[in-house]
Amino acid sequence: MNKYIFHTSDISNKDFELMTSVFGADPEDKDGFYSLQSAKNIDLSVIREQLQCDVNILPDNFDGGQVRLLVTDMDSTLISIECIDEIADMLGIKSKVSAITEAAMRGELDFEASLMQRVALLKGLPVEQLQRVYDERLKLNPGAENLINYLHESGIKLALVSGGFTFFTDKLKDRLGLDYTLANTLGIENGCLTGNVDGDIIGAQSKAELLLKLSHDLGIEPHQVVAMGDGANDLLMMDIAGLSVAYHAKPTVQEQTHIQLNVAGLDAVIDVLKV
Ligand SMILES: [Mg+2]
């Protein structure tokens, strides 16, 4: 049987009837979302289009009630911007940097090399400009607070892993009460960026390694971990997790993950933890 999940609280009578006829089963109202089990293999792209909401199939062996850890990417996943592109904007070179970011997130460039290249372009920028990006431009994606509150209430740990920068992950950790963070440290000298990353580059491999280390430390199995992201450098960690969530992600990422959210906010992840 396939476990279908519909990430919407609002289904019209007409859509309810459509679902019943397509799936051969009645959708069950789960207070915030709908689910049903069906032996039929339905083309998800068609039903998503018809219902205008996110529809997913959960992996057979996934049990949301067993999840103890959520590992999420930061830029364009937990938050709505790519921090490095906004930092570049402070130097008037946003288009140059964002073109590289975009290609890296599609998986067309080596992430580590492209990050060093982009950070080098930021050399000389006063640190206060990073604070401006945080204060003026960094916004949480819709549903972030709901999701984080639910994780806190449920005792599920939350790790923020980012190919971005500790300047931002540290602030979000304090503000949101996150359990773990991992990101790159921008080199700073005399109050300005050096154009280098201090220490090892945090990329796809480091994200996956942190997921494994935290699972080991918490004494849990990979099927008790949800990993979420939007870019190619999230795929390694997503491969290991019991459930991978592509959040408003690149097509190459969507093709390789268990579920995808393209309409709903981050709190739709709560649905999969409850089902
Ligand atoms: Mg991202």
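The values are calculated or read from the model by the stated rules, or taken from the named source; none is laboratory data. Computed from a predicted structure; not experimentally measured. Heads up, the Cβs are rebuilt from the backbone with ideal geometry, glycines too, and the neighbour counts pull from every protein chain shown. SASA here: full protein model, heavy atoms, side chains in, ligands and nucleic acids out. Shrake-Rupley method; radii C 1.70, N 1.55, O 1.52, S 1.80 Å.
Computed over the chain with a Gaussian network model linking Cα atoms closer than 10 Å, the most mobile of MET228, MET19, MET237 is MET19. Sites listed here are trypsin sites (Lys or Arg not before Pro) in region 59-148 whose DSSP assignment is loop and whose Cβ has at most 12 other Cβ atoms within 10 Å: LYS139. Take the chain and mark each of the GluC sites (Glu not before Pro) that is in a DSSP loop with at most 13 other Cβ atoms within 10 Å; the longest unmarked stretch, sites excluded, is 109-254. Comparing mean-square fluctuations of GLY164, GLY65, GLY195 from a GNM of the chain with C-alpha springs under 10 Å, the top value falls on GLY65.
The solvent-accessible area of LEU214, taken with every protein chain present and a 1.4 Å probe, is close to 10 Å². Accessible-area rank, largest first, for ASP271, ASP174, ASP29: ASP174, ASP29, ASP271, with all protein chains present and a 1.4 angstrom probe. Residue by residue, region 189-201 carries 3J(HN,Hα) couplings of 9, 6, x, 10, 5, 7, x, 10, 9, 7, x, 5, 6 Hz when phi is fed to the Karplus relation 6.51 cos²θ - 1.76 cosθ + 1.60 (θ = phi - 60°); x denotes Gly or Pro. Between SER38, SER76, SER162, the Gaussian network model of the chain with springs among Cα atoms under 10 angstrom shows the greatest mean-square fluctuation at SER38. In the distance distribution for region 1-58, Cα-Cα pairs more than 13 Å apart total 55 percent. Calculated [222 nm] ellipticity per residue, helices only, for the chain: -11500 deg cm²/dmol; basis is -39500 (n - 2.57) per DSSP H run with n ≥ 4, divided by all residues, nearest 500. The calculated pair-distance distribution of region 47-106 uses every alpha carbon pair, bins of 5 angstrom beginning at 0, and gives 4, 13, 14, 13, 14, 14, 12, 10, 5, 1 percent.
For the chain, the average shadow cast by the Cα convex hull is 14.4 nm², which is a quarter of the hull's surface. Among bridges DSSP assigns within the chain, what percent are antiparallel (round to 5)? Looking only at bridges with both residues in the chain, the antiparallel portion is about 45 percent.
Across the accessible surface of the chain, with the other protein chains kept in place and a 1.4 Å probe, carbon and sulfur atoms take up 46 percent.
Contact order for the chain, expressed relative to its length and based on alpha carbon pairs under 8 Å spaced 6+ residues apart, stands at 23 percent.
Summed over the residues of the chain and divided among them, the accessible surface reaches 44 Å² per residue at a probe radius of 1.4 Å. Rounded to the nearest 10 square angstrom, ASP85 shows an accessible area of 10 square angstrom against a 1.4 Å probe.
Taking the square roots of 5 times each eigenvalue of the Cα gyration tensor of region 1-156, largest first, gives ellipsoid semi-axes of 41, 18, 15 Å.
The gain in end-to-end length when the LEU218 to ASP239 segment is fully stretched comes to 5.6 nm, 0.36 nm per residue minus the alpha carbon separation. The figure for SER215 is an accessible area of roughly 10 square angstrom, using a 1.4 Å probe on the protein chains alone.
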